[in-house]
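Coordinate-derived values only; no laboratory data. Remember, it's a predicted structure, so these values are computed and weren't measured experimentally. In this analysis, Cβ positions are derived from the backbone assuming ideal geometry, glycine residues included, and neighbour counts consider all displayed protein chains.
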Amino acid sequence: MIRDIRLVDSITQPTEAQGAVIVAGSHGGISSGRYAAQLGPAGVIFNDAGIGKNGAGVEALAYLDGFNLPAATVDYQSAQIGDGVDMAQLGSISHINKTADKCGCEVGQHALQCAGTMHDEQMEPVSADVNGETNQAGILSGETPVWTLDSIGLISKEHVGSIVITGSHGERFAGELDSYIQTNIAGITLFDAGIGKDCAGIGRLDTMDEKAIPAATVDVSTACIGDAASAWRTGVFSRVNDTATSMGILPKDSCSDFVEKIQESKDD
């Protein structure tokens with residue numbers, strides 16, 4: 001049997017994966033589970049992103065059990081988030097869902113071994129319409145609007161000049177030659193994904209500095225990764241970039257502090 005195992009830096013990148021097993025550099029939060037459920041896969045492996053508050057970094061696993069889709073995560077310290085190749089080469093499985101357990105997957109397996117186990121079980125591919133579950137909301141209007149977006153993949157022309165509070169991890173994708181964030185935004189918050197191997201989880205801070213965009217990462221222990229509204233409600237920053245620092249934004253600030261200081265900077 002020829003195995004169809006696809007390595008991607010983000011679960012938002014494929015448009016379909018019918019019958020394939022995906023090893024994705026994405027966090028295992030709920031928003032990643034929703035993206036995966038639309039692609040027609042026979043299995044999926046994420047990064048546990050430090051697990052974080054309320055086990056949010058592995059929340060997709062139970063969610064995908066509802067579709068009878070095998071799912072697992074690799075330990076965030078074993079492989080870099082945002083890098084599908086590193087995940088496949090070095091990832092060690094930290095969590096599996098009930099469906100993956102029935103397939104014979106095990107905690108401690110190598111990521112590719114786990115993917116092969118999922119593929120060989122020949123589960124019925126899943127393809128669900130969950131677009132309505134993907135969350136974005138405009139929470140403050142005005143000259144510099146503020147949006148909560150569960151994924152940076154939702155950023156569009158609608159958000160030009162806005163501050164975006166996201167549920168995404170803060171690592172630049174391994175194969176990213178230019179910024180994945182194509183729209184000119186006024187600021188962005190992401191999650192630090194536990195920071196993890198080789199400080200993965202915060203690489204996009206430097207990328208945003210290159211564009212003079214203030215950026216900060218939310219400590220995953222303070223809010224639920226994959227859930228931008230959670231970041232807005234309770235998130236506390238672990239790291240900020242130089243552009244943010246120049247505006248008075250500091251680690252331990254909140255997302256509302258971030259918005260207030262950017263707006264003050266624009267008023268000066």
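Descriptive notes on the structure:
- Among the GluC sites (Glu not before Pro) within the range 53-153, those in coil by DSSP and having at most 16 neighbouring Cβ atoms inside 10 Å are E106, E143.
- In order along the range 190-198, phi translates into HN-Hα couplings of 9, 10, 7, 6, x, 6, x, 4, 6 Hz, rounded to whole numbers, per the Karplus curve 6.51 cos²θ - 1.76 cosθ + 1.60 with θ = phi - 60° and x for Gly and Pro.
- Cα-centred dipole magnitude for the chain, charges only on beta-carbon of K, R (+1) and D, E (-1), debye, nearest 20: 220 debye
- Under a 5 Å amide H cut-off, with hydrogens placed 1.01 Å from N, L140 pairs with V146 among residues at least 5 apart or on other chains.
- Counting only aspartates and glutamates at least 8 places from K197 when in the same chain, those with an alpha carbon closer than 20 Å to its own are D9, D48, D75, D83, D86, E171, E176, D206, D219.
- For the range 246-263, Karplus couplings with θ = phi - 60° (6.51, -1.76, 1.60), whole Hz, Gly/Pro x: 5, 9, x, 7, 10, x, 5, 5, 9, 5, 5, 4, 4, 4, 4, 6, 5, 5
- Using the alpha carbons alone, the radius of gyration of the range 5-120 stands to its Kirkwood radius in an Rg to Rh ratio of 0.90.
- Multiplying the residue separation of K157 and S246 by 0.36 nm and removing their Cα-Cα distance gives an extension gain of 29.4 nm.
- Among (i) 1.27; (ii) 0.97; (iii) 1.09, the entry derived from the coordinates for Cα Rg over 2.2 N^0.38 Å: (ii)
- Cα gyration tensor shape of the range 70-218, rounded if a/c is under 1.5, else prolate or oblate by comparing a/b with b/c: prolate
- Of D192, D219, D253, the one that fluctuates the most in a GNM where the chain has Cα springs shorter than 10 Å: D253
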